[in-house]
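To start, the structure under review is shown below, and the notes come after it.
The values are calculated or read from the model by the stated rules, or taken from the named source; none is laboratory data. Bear in mind that the values here come from a model prediction, so they are computed numbers and not experimental data. We place every Cβ from the backbone using ideal geometry, glycine too, and count neighbours over all the protein chains shown. These accessible areas exclude ligands, DNA and RNA; they are computed on the full protein's heavy atoms, side chains included. Shrake-Rupley method; radii C 1.70, N 1.55, O 1.52, S 1.80 Å.
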Amino acid sequence: MSDERPYHHGNLRTALLDAAERGLRERGADQLALRDLAREIGVSHAAPRRHFPNRQALLDALAEDGFTRLDTVLRAALTSDDTAERLRAVMTAYVRFATGNAALVELMYTSKHRPGATRIVEAAEGPFGLMQELVQRGRSEGLLQADDPERLGLVLFATLQGIALVINSALAGPEQLDGLVDTAMGQFVRKV
């Protein structure tokens with residue numbers, strides 16, 4: 001039996017990543033297979049190997065792309081010059097991204113700590129750097145407590161992850177997201 005599907009595709013890499021993200025969301029990372037993705041987008045089973053030599057390369061590309069998208073989303077939220085408003089906007093944008101892309105976010109963080117994940121770590125520097133810059137700016141303006149900035153950033157990040165987890169676990173509804181972020185803001189931001 002011959003495989004008569006085409007080898008070429010208009011934008012194979014993007015199509016594979018899109019299909020892989022859908023599969024990640026619907027079935028989880030363990031169920032992703034290059035051969036299945038090739039079938040889904042209508043190319044030969046060998047075609048994906050032009051971009052992804054193996055499944056891990058595909059997962060790494062998904063994680064890297066996730067951090068790049070997260071960085072874009074967070075930077076787009078920076079529409080105010082007011083530090084408190086910038087912080088609230090970034091916190092809200094982060095939780096919205098994490099609740100709208102739960103499986104991707106999980107893959108992003110688990111992949112980031114895998115040995116040899118240099119490109120993923122580099123992609124993560126954008127959104128984490130932005131958050132750390134906001135923490136530094138908030139501290140210098142007296143808006144945030146004058147604690148160790150790395151520790152403060154880590155606790156702030158853990159709080160956002162916790163809010164996303166609570167919503168993703170259906171312990172709170174998505175309609176509570178803004179209120180939960182506002183409550184978190186009240187825990188971190190000093191009244192000046």
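Here are a few things to note about the model shown:
- Compactness of the range 126-192, expressed as Rg and Dmax over alpha-carbon positions, Å: 12.8, 37
- Accessible surface, the range 20-75, averaged per residue in Å² (probe 1.4 Å): 49
- Inter-label distance, E150 to N54: 3.3 nm, where each label sits 7 Å from its Cα along the C-beta direction.
- Using the rule -39500 (n - 2.57) for each DSSP H run of four or more residues, divided by the residues of the chain, the 222 nm mean residue ellipticity is -22500 deg cm²/dmol.
- Cα→Cβ-extended label distance, 7 Å offset, between Q187 and T68, nm: 3.4
- Relative packing of 54-62, 179-187, which averages over residues the other C-beta atoms within 10 Å, highest first: 54-62, 179-187
- From phi via Karplus (6.51, -1.76, 1.60), per-residue ³J(HN,Hα) for the range 139-145 in Hz, x at Gly/Pro: 5, 5, 8, x, 7, 10, 4
- By definition, a body whose alpha carbon gyration tensor gives a ≥ b ≥ c is oblate when a/c is 1.5 or more and a/b is not larger than b/c, and the range 84-138 fits this oblate description.
- Helix 83-100 and the longest principal axis of the Cα set of the chain meet at an angle near 30°.
- Measuring spread by the Cα atoms of the range 1-135 yields a radius of gyration and Dmax of 17.2, 64 Å.
- Of all accessible heavy-atom area on the chain, the percent that carbon and sulfur account for (1.4 Å): 50
- Listed values for the range 46-57 are Karplus-derived 3J(HN,Hα) couplings in whole Hz (6.51 cos²θ - 1.76 cosθ + 1.60, θ = phi - 60°), namely 7, 4, x, 5, 5, 10, 10, x, 7, 4, 4, 4, and x replaces Gly and Pro.
- Computed from phi, the 3J(HN,Hα) profile of the range 158-170 under the Karplus parametrisation 6.51, -1.76, 1.60 (θ = phi - 60°) reads 4, 5, 5, 4, x, 4, 4, 5, 4, 6, 5, 8, 6 Hz, with x in place of Gly and Pro.
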